[in-house]
Protein chains: 2
Amino acid sequence: MQHNLQDSISLLSRTPSALDALLRDLPETWTLPNEGESSWSVFDVVGHLIHGERTDWMTRARMILEFGETKAFERFDRFAQMRESQGKSLGQLLDEFACLRAENLEQLRRLSLGEEDLQKRGRHPALGAVTLSELLATWAAHDLTHLHQISRIMAHQCREAVGPWSKFLGVMQCGGHSAQA
Amino acid sequence: MQHNLQDSISLLSRTPSALDALLRDLPETWTLPNEGESSWSVFDVVGHLIHGERTDWMTRARMILEFGETKAFERFDRFAQMRESQGKSLGQLLDEFACLRAENLEQLRRLSLGEEDLQKRGRHPALGAVTLSELLATWAAHDLTHLHQISRIMAHQCREAVGPWSKFLGVMQCGGHSAQA
């Protein structure tokens, strides 16, 4: 389990630079349109990742260590980025995400979590009992779910341009898999 | 359409550094396992991207310009990386991909394609008539389909570790969408 924690940290520490390399200064034709209706754009997803850094992962980790199962986590606001990203550029959001992620990982390292800590339980408002270990693995998996989403949103923008090839491109068969907090 | 070409180039030029930032020196627990049975690992996918740079995209672009619809493209070998990546490290593959992509984009720029060129047609062995414009858009979309796949393969590796959260993570509901060349 300690090993898994290091694996999660390895991934968590790379996501901001991977998104930066992929998205910074990319034409807005890739990053501003969504997949139709009230779906998210790439810009919205980066805002959502920022909101998670501010309010979700380390906040919940500290709640588990402090309150255990006696106090349920706050529900995650999946629409906060619609307010919080207003007036910002994607470059600003990428900087903000990188900065918050680095701070959070520094705080995580300072906790020097041992195996016993990782097995401590908290209470998720919908899922019930969850362990700190599960929370930290989910933090990493949440990066992956949004990288998966970002590649799908971007592929949607060139759906027409690829012509008949769309049926060979797996990402264009992916209907999205809506998720909660 | 010229505009779409620039959009495709913007993305194509960023993929190698995005994959490098995400994957270089990441623990092999993320990059070597696959999704079961004969599915691909992250390592396999990077090998597949390399094979595309060597044999697919620019080769097909030149065929369209030279032969039009009179000569069908070679079928893409989707298993070539199983031979070609043998004995290499992921770091070597990332270097190779970055180098080949940069060379190919340089060759693409040197073609100075105009609107008339982009509308030229070639012949895909399964899809029939396709335009150069569609081929180049597919090159970019193919990066996205494999970024989508990489995030899904990696998420598969922490499926157990996230415990009950798996049902909230869209990437873990994605069954994969097998694709051809």
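The values are calculated or read from the model by the stated rules, or taken from the named source; none is laboratory data. This is a predicted model, so every value here is computed, not measured. Cβ placement follows ideal geometry from the backbone for every residue including glycine, while neighbour counts extend to all protein chains displayed.
Given A:GLU96, A:GLU69, A:GLU116, which one is in contact (Cβ under 8 Å) with a residue 40 or more places away in the chain and over 19 Å from A:ARG54 (Cα atoms)?
On the way: A:GLU96 fails: over 19 Å from A:ARG54 (Cα atoms); A:GLU116 fails: in contact (Cβ under 8 Å) with a residue 40 or more places away in the chain.
Answer to the check: A:GLU69.
Is at least one residue of the stretch A:26-43 away from chain B (no Cβ under 11 Å), of a type in the set (A, V, I, L, M) and closer than 30 Å to A:ARG121 by Cβ? Within the stretch A:26-43, not a single residue is away from chain B (no Cβ under 11 Å), of a type in the set (A, V, I, L, M) and closer than 30 Å to A:ARG121 by Cβ. The numbered conditions (1) buried (at least 16 other Cβ atoms within 10 Å of the Cβ); (2) small (Gly, Ala, Ser); (3) within 11 Å of chain B (Cβ to nearest Cβ) are all true for A:ALA61 except (3). When each of A:LYS88, A:LYS71 is tested for being surrounded by 14 or more Cβ atoms within 10 Å (Cβ to Cβ), at pLDDT 95 or above, over 17 Å from the mean Cα position of the chain (by Cα) and over 18 Å from A:HIS148 (Cβ atoms), the lone residue that passes is A:LYS88. Considering B:LEU111, B:LEU147, B:LEU135, the condition of being crowded, with 24+ Cβ neighbours inside 10 Å and more than 7 Å from every other protein chain (Cβ to nearest Cβ) is satisfied by B:LEU135 alone.
Yes or no: A:ASP95 in a helix (DSSP H, G or I), of a type in the set (Asp, Glu), within 13 Å of chain B (Cβ to nearest Cβ) and surrounded by 13 or more Cβ atoms within 10 Å (Cβ to Cβ)? For A:ASP95, the condition - in a helix (DSSP H, G or I), of a type in the set (Asp, Glu), within 13 Å of chain B (Cβ to nearest Cβ) and surrounded by 13 or more Cβ atoms within 10 Å (Cβ to Cβ) - is not met.
Considering only residues in the stretch B:1-16 that are buried (at least 18 other Cβ atoms within 10 Å of the Cβ) and facing another protein chain (nearest Cβ under 7 Å), the one that is nearest to B:SER85 (Cα to Cα) turns out to be B:ARG14. When the stretch B:138-174 is filtered for residues that are assigned to a loop (DSSP other than H, G, I, E, B) and under 13 Å from A:MET172 (Cα atoms), only B:CYS174 remains.
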